[in-house]
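Have a look at the structure below, then the notes.
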Amino acid sequence: MIKTQQQLEHFLDSIKSQTHLAIDTEFKRVDTFYPILCLVQIATKSATDCIDVLAIENLEPLFDKLYQPDTLWIVHSARQDIEALYYLSNRLPNQLFDTQIAAQFLNYPAQISYQKITELLQGVLLDKAYTRLDWTMRPLPDEAIEYALDDVRYLLKNYQQLEAQLNAEKKLDWLMAEGADLADINLYLPKLDCAWQKIKGLSRLPKSSHQKAALLAAWRESCAITSNKPRKWIMTDEKLINYCLKKEKLSAQANAAFNAFLSQQPAPIETRIQIDNHQPLNKSEKIQKNELQKLIQKIALQYNLDETLIANSKTLIKNIRGDSSVKFLTGWRYHILKKELENAK
């Protein structure tokens with residue numbers, strides 16, 4: 001494991017000509033708002049190693065390598081890895097190949113794990129013993145380091161096989177477009193006006209309480225960010241709902257802090273909470289949804305795709321209820337659906 005600046009620079013020098021990097025991270029996110037990055041594992045054709053992020057003061061040389069324009073990140077289920085690295089580097093990858101999404105393009109099960117896809121492609125059974133380890137502990141057991149390294153050891157082989165299949169089915173451009181979407185900075189910037197989306201139980205609130213819920217959620221998010229604590233440590237969803245229903249009251253101190261937060265906002269936080277998506281479908285909506293599902297199932301079968309990659313149930317309901325920003329009306333999804341959608345009108 002790389003623990004010193006000198007070791008890091010030696011490793012980076014050894015892979016300086018490599019552009020395809022298999023990447024994984026280990027982080028802790030139990031008692032903080034932001035993830036605590038602990039390890040970065042990297043594998044190339046010539047080297048595989050594990051970088052102890054907590055032990056190395058200057059990570060800029062690592063970031064310079066990771067975020068070069070010609071560096072391709074090969075990651076399985078990349079979003080959390082991108083996020084954990086973004087909060088330290090303030091940068092996003094230029095090219096990304098997510099092997100979990102690639103597998104879904106080839107009709108493997110949705111959300112397939114790295115262990116399962118490696119078993120299917122390489123015939124290798126990987127240990128899951130350290131899934132819930134506290135990665136901030138030092139020293140790390142040798143077995144845990146090997147576990148972490150296993151998460152990149154087979155990524156390049158998986159990538160090579162999946163890329164070949166995607167090329168054969170003319171889907172590689174689709175996969176790379178999905179990778180570009182994951183490198184959208186808006187995914188990783190906390191948004192106070194969208195904080196209400198993190199609340200469970202919103203459907204219990206009358207519309208007259210929606211704005212209060214949105215404001216409380218924004219304040220909770222702001223406090224969580226400022227203190228770097230989990231939002232539910234600041235205020236549980238149940239408490240927030242109860243405040244809106246007037247079953248409980250904020251303490252005088254909390255109420256003063258809440259009002260101070262509102263007064264400090266450059267513009268009023270006005271959020272329209274879209275509860276409609278949580279309401280049961282009426283008869284007409286059920287018919288529309290069934291018709292859309294049949295259409296998508298037909299196209300998915302034609303292109304050997306997991307149909308949920310085109311659109312899941314939640315997305316269909318959003319579209320039926322007037323949301324034209326859904327993904328299946330843009331990009332490669334719309335390209336393969338366009339004719340069928342037009343015929344269905």
> Could you state the principal axis extents of the C-alpha atoms in the chain, from the largest down, to the nearest angstrom?
Replying inline: 61, 58, 36
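Relative to 2.2 N^0.38 Å, what does the C-alpha radius of gyration of region 71-185 come to as a ratio? Two decimals please. Mind dumping the intermediate values first?
Values: Rg = 14.9 Å, N = 115, 2.2 N^0.38 = 13.4 Å.
For region 71-185, the normalised Cα radius of gyration comes out at 1.12.
When every alpha-carbon pair in region 20-118 is counted, what percent end up more than 21 Å apart? Could the numbers behind the result be given before it?
Working: 1682 of 4851 pairs.
Here the tail beyond 21 Å accounts for 35 percent of pairs.
Could you grab the relative contact order for the chain? Cα pairs under 8 Å, six or more apart, rounded to a whole percent.
Details: 425 pairs, mean separation 54.2, N = 345.
This gives 16 percent for the chain.
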> If amide H atoms are built 1.01 Å from N in the plane of the peptide, which residues on other chains or at least 5 residues away come under 5 Å of the amide H of Cys38?
Replying inline: Glu26, Phe27, Lys28
> Between Gln197 and Val124, what is the spin-label point distance in nm, taking each point 7 Å from the Cα along the Cα→C-beta axis?
Replying inline: 3.6
> What is the distance, in nm, between label points placed 7 Å from the Cα along the Cα-to-Cβ direction at Glu60 and at Leu189?
Replying inline: 2.4
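Could you do me a favour and compute the accessible area per residue for the chain, 1.4 Å probe, result in Å²? Walk me through the intermediate numbers first.
Numbers: 18420 Å² over 345 residues.
Each residue of the chain exposes 53 Å² on average to a 1.4 Å probe.
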> Carbon and sulfur together cover what percent of the accessible area of the chain at a 1.4 Å probe radius?
Replying inline: 48
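How high is the relative contact order of region 1-87, given as a whole-number percent (alpha carbon pairs under 8 Å, six or more residues apart)? Let's see the in-between values first.
Working: 122 pairs, mean separation 31.0, N = 87.
Value for region 1-87: 36 percent.
At a threshold of 8 angstrom on Cα-Cα distance, excluding pairs fewer than six apart, so keeping six or more, what relative contact order does region 23-136 reach in percent? It would help to have the intermediate numbers written out before the result.
Numbers: 139 pairs, mean separation 25.8, N = 114.
Rounded, it is 23 percent for region 23-136.
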> Considering only the chain, what is the antiparallel percent among its DSSP beta bridges, to the nearest 5?
Replying inline: 60
>> Could you give the length gained by full extension between Leu88 and Gln68, i.e. 0.36 nm per residue of separation minus their alpha carbon distance, to one decimal place?
In response: 5.6 nm
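From the C-alpha coordinates alone, can you work out the Kirkwood hydrodynamic radius of region 120-247, in Å?
Values: mean 1/r = 0.0521 Å⁻¹.
Across region 120-247, the inverse of the average 1/r is 19.2 Å.
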> What's the long-distance tail for region 278-345, i.e. % of Cα pairs beyond 21 Å?
Replying inline: 17
> Roughly how many Å is it from the Cα centre of region 25-45 to that of region 287-345, as a whole number?
Replying inline: 35
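The values are calculated or read from the model by the stated rules, or taken from the named source; none is laboratory data. In this text the structure is predicted, and so the values were computed from the model without any measurement. So basically every Cβ, Gly included, is an ideal-geometry build from the backbone, and we count neighbours across all protein chains shown. Areas reflect the complete protein model, heavy atoms only, side chains present, ligands, DNA and RNA absent. Shrake-Rupley method; radii C 1.70, N 1.55, O 1.52, S 1.80 Å.
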